[in-house]
Amino acid sequence: MLRPLGSLEHCFWLLGHGTSNHIIYAVEIDGTAPPQAWRAAFDALRRRHPLLRVGIPATPNGFPYFEASEDRPIPVHFTNAARWTHDGIDPDWLDRELTRELAEPIDPNHAPLMRAIVASDGGDEGASNRSLLIVAASHAICDGIGLAGCIRDVLHALAGETLEPLPMPPSLNQIVNVAAARAPSHAVSLAASPSPDAGAPVVHRLRLSRTLTGALRIRARAANTTVHGALSAAMLLSGRQYLQDWQGAAIKLVTPIDLRRQLGMEEDCGVYVTVGRALIEAGETLSFWEMARRVLRETDVAGTRAAVRFETRDLRGQLNDGLDATGVAKARRIGQARDFIVSNLGPLRFGTRIGTYRMTALWGPFVQTGDKGDHMLGVATLDGEMHLALTSATPAAAGWLEAAKATLERGLQAT
């Protein structure tokens, strides 16, 4: 028998009814494989992770439940339309494809809640043996770390390794001993209109060199903060200058914090996060490193079981009180009018070379927020190079990453 959804899974499922909030990664890979090998690798991935074999329909009263479907493969689209240059995948083509994937929802009612796109270089520019993998998955069944782990598993399967099946991963509720939400006695509405401020999402990407990434790590440590704090400070300070909507507005910074190592769930495809929050008031004037320390101080929350248990009980209480799709979207916006999310994977937790394949770039996580004034920055560090992946529906965000890079470089020179 499948377990109930955890409270956090339930809330992500509700949010998905108003905004396509699935997670997306793009991976650039040295190495190619025929379509049948990719198909077999994704079949092995589905057999390994139980949550890749479920849909999440709802009862007539609007209560979600996991429904197993063992015979539905993960959709994998093989495209010949990708454009390549001597340096790799054409960046404009990739950005357009990612933008299209963000706008295309994942139907929660039917398994599997994942899809993929594979492209291989045909060597038109004199170079070959390169692949691109784009993976999208419902946020109700995985977080950013979990989806990155799925990419690792696919490459292991491509390399000819056997993927051992895993048991159904427990929910956060089960881990911290909080009962799941009760099925409602009255109907809960799953109808949620898009935010009036919603716009079409666009992606922006920037790779920071190994030299800059390494210098930032050393300087941040000396300044009693972290790379994450410094990067967040650069985005906040440059955003104040770059985005008109941020001038004179309070900014709520939200940072997802991975709980897998604390909970012993490293291998599982599931949702194991809490969040840290920092409120940057409209009139605050802080130096670069003061802002970096402020971000670290406020977002470095205790990921203890007691703290997670408190948050989980609070979410369960809201769900028991009839939280619906519109309510969960409103609750996410309560407080400040602006929202900036930084989801930083940090250095990749597994090697970039798997068999004959080597990951050369990892872009993401990309996630829609549902509001034009909100922005989501995904960060992954691969072989010492930081990859920045911005999702935004604000046209002025074009060029923001470059402005943040310039702010970082000035910060490295500051005393």
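Each reported figure results from applying straightforward, stated rules to the coordinates on display, with no laboratory input. These numbers come from a predicted model, not from an experiment. Here the Cβ is made from the backbone with ideal geometry for all residues, glycine too, and neighbour counts use every protein chain on show.
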- Item | region 89-114 and region 341-363: distance between their alpha carbon centers, rounded to Å | 20
- Message: Just checking my list [x] 4, 22, 30, 24, 14, 5, 0; [y] 5, 22, 33, 27, 12, 2, 0; [z] 4, 18, 24, 21, 16, 11, 5, 2, 0 against P(r) over Cα pairs in 10 Å bins from 0, in percent computed from this structure; which label fits?
- Response: [y]
- Work out, step by step, the length gained on full extension between D383 and N129: first 0.36 nm times the residue separation, then minus their alpha carbon distance; give nm to one decimal. 89.4 nm
- Message: Please give me, ordered by residue number, the GluC sites (Glu not before Pro) of region 1-69 that lie in loop per DSSP and have at most 13 other Cβ atoms within 10 Å.
- Response: none
- Task: Please get the size of the charge dipole for the chain, origin at its Cα centre, with Cβ charges of +1 on Lys and Arg and -1 on Asp and Glu, quoted in debye to the nearest 20.
- Result: 960
- Relative to the present Cα-Cα distance, how much length would full extension add between I218 and Q36 at 0.36 nm per residue of separation? 61.0 nm
- Task: Multiply the residue separation of A331 and T285 by 0.36 nm, subtract the distance between their alpha-carbon atoms, and state the gained length in nm to one decimal.
- Result: 13.7 nm
- Task: Describe numerically, in nm with one decimal, the distance between label points set 7 Å from Cα along Cα→Cβ at T79 and at L412.
- Result: 3.4
- Task: State whether region 170-237 is rounded, prolate or oblate according to the following rule on the C-alpha gyration tensor (a ≥ b ≥ c being the square roots of its eigenvalues): a/c under 1.5 gives rounded; otherwise a/b larger than b/c gives prolate, and the remaining case gives oblate.
- Result: oblate
- Note on the structure: Taking R0 as 25 Å and r as the Cβ-Cβ distance between L166 and E67, the FRET efficiency 1/(1 + (r/R0)^6), rounded to the nearest 0.05, comes to 0.85
- If every Lys and Arg gets +1 and every Asp and Glu gets -1 at its Cβ, then about the Cα centre region 7-175 yields a dipole, in debye to the nearest 20, of 480
- Once you've got the GNM for the chain with C-alpha springs shorter than 10 Å, pick whichever of A33, A220, A116 has the biggest mean-square fluctuation. A33
- Query: Under the rule of -39500 (n - 2.57) per DSSP H run of 4 or more residues, summed and divided by the residues of the chain, what mean residue ellipticity at 222 nm is obtained, to the nearest 500 deg cm²/dmol?
  - Reply: -10500 deg cm²/dmol
- Local electrostatic count at E311 - Lys and Arg +1, Asp and Glu -1, tallied over other residues with Cβ under 13 Å: +4
- Message: Looking at the chain as a GNM with Cα springs under 10 Å, which of G229, G88, G283 has the largest mean-square fluctuation?
- Response: G283
